[in-house]
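Scroll down for the structure; my scribbles are underneath it.
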Amino acid sequence: MKIVWFTSRFLCFFSLFFIVGCTEKSDQKTNAESILKPCPGFVETGKPPLVYGAECGELVLKENSADANSQDISIAILRLPAISPIPAADPLFLIQGGPGGSSIEMATQLHSFFADVRKNRDLIFVDQRGTGKSNPLRCEQLSAADLLLSETEQKEKYLQLIKNCAEKYTNSAAFYTTVHGVQDLDAVRAALGYPQINLWGGSYGTRVALEYARRYPQQARAIILDGVAPVEIALPKYFSRDAMAALTAVSDECMAQTDCASLFGDIVQKTERVLQRLIELQTKGESLVVNYEHPRHQQPDTLHLTPRTFSSLVFMSLYSRDLTVLLPRAISNAEKQDYRLLAALASLSGEQTQQMNIAEGMRYSVMCNEDWPLLNADDIAHSTPFLGLHFVQDVQPICAFWPKAELPQDYWQPIVSDVPALLLSGKHDPVTPERWAQSVAAHLSHATLLSAAGGNHSISTEGCVPQLIAQFIERASMNDVKLDCVDNIKPLPLVLGANQKKVASSAGSTEQ
């Protein structure tokens, strides 16, 4: 079987590297093969594996590592083997954000962007405990019928569902924080026989990668942090400010582009006017139902547009470069009471959220035990909303009843590390702006910061960044690597087809 051949080659490379006989690695070989098997194929799933030779498996660990009598939980693993028959000894572990997202499900969208890395290194996706297929802490969600209730009724129903969820996991939730997730990552590393690993993390995943570098500095060879979420700050405290800064940046860019300025004008002002109209309709007890064609399959669909739905849509659109470029037109149309493009954006944004497959129980275990303790009464009282969204006040009642966890005393201290680090940021990021990368980098002795003017909440897939990541992992350094290509990741034209006249003119002159 190919898996036997691959593993034996892999271990023989280790022997050359460490001058140790292959027979001395037989225990690791057997252990890795007992964990990973060829992933189910088309016959079992209706879909082929992501790549040829993809391996799936699970590692059984104790929920409470300090209690031998604690229940067993399974940690799901996906390995995409290196193309080289003699791969490098240090793979790349890729960690999903959220918190609560599935890293293995993320692999479907992300793995191709790391093709250069995979030439020489395995790609490892591990569902963090509480997510994906690793004993997920899932909570019941609002039904389609619930979404027709008033916003007040929806909020009350949602809080009750989350309270039921907290009661369901009352004896387990405390063991689903970042520290426990990091312990699992190192257990996977050891079980698969890797002496060191590289880590890529996006958003909350950067916190996991940083914590791993702190707890296991000898095993962390290099880390890539995209959309940096420091451990020492409560991110929800700054969501409103940072989201408004991102929306304002989009509006300013529109005003700086002649076509956009003439067509759409001040986007922030128009956003506030649309929101005000929706508030007035809600006050009157009127419901705004938008009939539109779904942008993917063109089938008729409907959207119940409320103030909160609208504000959430704007906020989530700022996460994505592809959706941000459509915001000026969507908001300008909505001001004219044409909400169809806005509804289409809501569909696309909803699909992106569904792809993350957030396990809300794990999400609140992290937020309420790692972020919430950093907020004081004054922070809560003076928190400002983003277009009516109260991020801090919304989570306050949930964290009041969510099970408490005990974290290491140094958990909230800035992470000091000598591990080589590449920190990535996007100008339009509504939740993890560049300032957080700068704050973290101040404590990392071998850090390189890159920021893309046309980037949003993740830039690892933009322009030349995948190639830069590959070079960084190959060298564990950015010395002598040209970085100016990042300057070419510019904001997209906010009026689609804005350059058509220029292109047509150039084409005409060529024909003459």
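A few points about this structure:
- With a simple spin-label model that places each label point 7 Å from the Cα along the Cα-to-Cβ direction, the separation between ALA400 and GLU140 comes to 2.2 nm.
- Helices in the chain, meaning DSSP H runs of at least 4 residues, each add -39500 (n - 2.57). Divided by all residues, the mean residue ellipticity at 222 nm is -13000 deg cm²/dmol.
- Tail beyond 13 Å, pair distance distribution of the range 339-406 (Cα, percent): 72
- With Cα atoms defining each centre, the range 79-146 and the range 202-237 are spaced 16 Å apart in the structure.
- The range 436-500: relative contact order as a whole-number percent, Cα under 8 Å and 6+ apart: 36
- A value for mean projected area of the Cα convex hull in nm² was derived from the coordinates, and within the list (1) 75.2; (2) 32.2; (3) 28.0 it appears as (3).
- Cross-link pairs exceeding 31 Å in C-alpha to C-alpha distance, out of LYS284/LYS404; LYS155/LYS336; LYS155/LYS270, comprise LYS284/LYS404.
- Sequence-separation-based contact order of the chain, relative, with Cα cut under 8 Å and 6+ spacing, percent: 17
- Arranged from fewest to most other beta-carbon atoms within 10 Å of their beta carbon, GLU33, GLU156 become GLU156, GLU33.
- The range 387-491: trypsin sites (Lys or Arg not before Pro) in DSSP coil with no more than 14 other Cβ atoms inside 10 Å: LYS404, LYS482
- Applying the criteria of a DSSP loop state and at most 16 other Cβ atoms within 10 Å to the GluC sites (Glu not before Pro) of the range 208-273 yields GLU232.
- Cα pair distances in the range 263-369, grouped into 5 Å bins until the bin that holds the longest one, percent each: 2, 12, 20, 22, 18, 12, 9, 4, 1, 0
- Ignoring aspartates and glutamates fewer than eight residues from LYS133 along the same chain, the ones with Cα atoms less than 12 angstrom from its Cα are GLU58, GLU105.
- Which listed pairs, of LYS163/LYS237; LYS62/LYS157; LYS62/LYS237, have C-alpha distances above 28 Å, in listed order: LYS62/LYS157; LYS62/LYS237
- Extension reserve of the ARG435-LEU147 stretch, reckoned as 0.36 nm per residue once the Cα distance is removed: 100.0 nm
- Amide hydrogen neighbours beyond the local backbone of ALA447, cut-off 5 Å, H modeled: ALA421
- Charge dipole magnitude, Cβ of K and R +1, D and E -1 - the range 361-432, Cα centre, debye nearest 20: 220
Where a number appears in this text, it was derived from the coordinates with a stated rule and is not lab data. What you see is a predicted model, and the numbers here were worked out from it, not measured in a lab. All Cβ positions, glycine included, derive from the backbone under ideal geometry; neighbour counts span all protein chains shown.
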